[in-house]
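Visitor: Pasting a structure below so you can have a look.
Only the coordinates and a few stated rules stand behind these numbers; no lab work does. In this text the structure is predicted, and so the values were computed from the model without any measurement. For neighbour counting, all protein chains shown are included, and Cβ atoms are generated from backbone atoms with ideal geometry for every residue, glycine included.
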Amino acid sequence: MVDIYNVIIQSFSTEAAFDLMENENKLVFIVNRKANKKMIKEAVEKLYKVKVIKVNTLITPQGKKKAFVKLSPEFSAIDIGTKLGLF
């Protein structure tokens, strides 16, 4: 069992992240370095009550792990971003 509250550290908001929300229905998070894609998917689905299609990750030059989470078409990334206070 994954402790979902230790997987996602914070939401990530830049102009590029907003473009991903609007155009590709994706959310961007900074996540725990030890979290894998399956753990990230499970955490996002349980925390925000959405269906995740795909998770891509990368390590930033600062050493943080960034996750790009694509949501199912029936859920809106903009709505979730609004609930998170990004807009």
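Visitor: With r as the distance between the Cβ atoms of Asn6 and Lys38 and R0 = 22 Å, compute the FRET efficiency 1/(1 + (r/R0)^6) and round to 0.05. Could the numbers behind the result be given before it?
Guide: Numbers: r = 15 Å, r/R0 = 0.67.
Efficiency for this residue pair is about 0.90.
Visitor: Continuing with this model, one more query. Once every DSSP H run of n ≥ 4 in the chain is given -39500 (n - 2.57) and the sum is divided by its residues, what mean residue ellipticity at 222 nm do you get, rounded to the nearest 500 deg cm²/dmol? Present the calculation step by step, with values, prior to reporting the outcome.
Guide: Values: 3 runs with 29 residues, N = 87.
Here the helix-only value at 222 nm equals -9500 deg cm²/dmol.
Visitor: Who wins for biggest fluctuation among Lys51, Lys38, Lys26 in a Gaussian network model of the chain, springs between alpha carbons below 10 Å?
Guide: It is Lys38.
Visitor: Here is a follow-up. In whole angstrom, note down how far apart the Cα centers of segment 70-87 and segment 10-53 are.
Guide: Centre-to-centre (Cα) distance: 10 Å.
Visitor: In which sequence would Glu42, Glu22 go, from the one with the fewest C-beta neighbours within 10 Å to the one with the most?
Guide: Numbers: Glu42 18, Glu22 13.
Sorted ascending by nearby Cβ count, the order is Glu22, Glu42.
Visitor: Summing Lys, Arg as +1 and Asp, Glu as -1, what charge do residues with Cβ under 11 Å from the Cβ of Lys70 carry, Lys70 excluded?
Guide: Surrounding charge for Lys70 is +3.
Visitor: Separate question: Stick to Cα atoms and the Kirkwood definition of Rh, then tell me Rg/Rh for segment 4-83. It would help to have the intermediate numbers written out before the result.
Guide: Values: Rg = 11.5 Å, Rh = 12.4 Å.
That ratio is 0.93, to two decimals.
Visitor: Treat the count of other C-beta atoms within 10 Å as a stand-in for reagent exposure and order Lys34, Lys66 from fewest to most. The partial results should precede the final answer.
Guide: Numbers: Lys34 9, Lys66 16.
Listed from fewest to most nearby Cβ atoms, that is Lys34, Lys66.
Visitor: With springs only between Cα atoms under 10 Å apart, run a GNM on the chain and tell me which of Ile53, Ile40, Ile30 wobbles the most.
Guide: Of the options given, Ile53 has the highest mean-square fluctuation.
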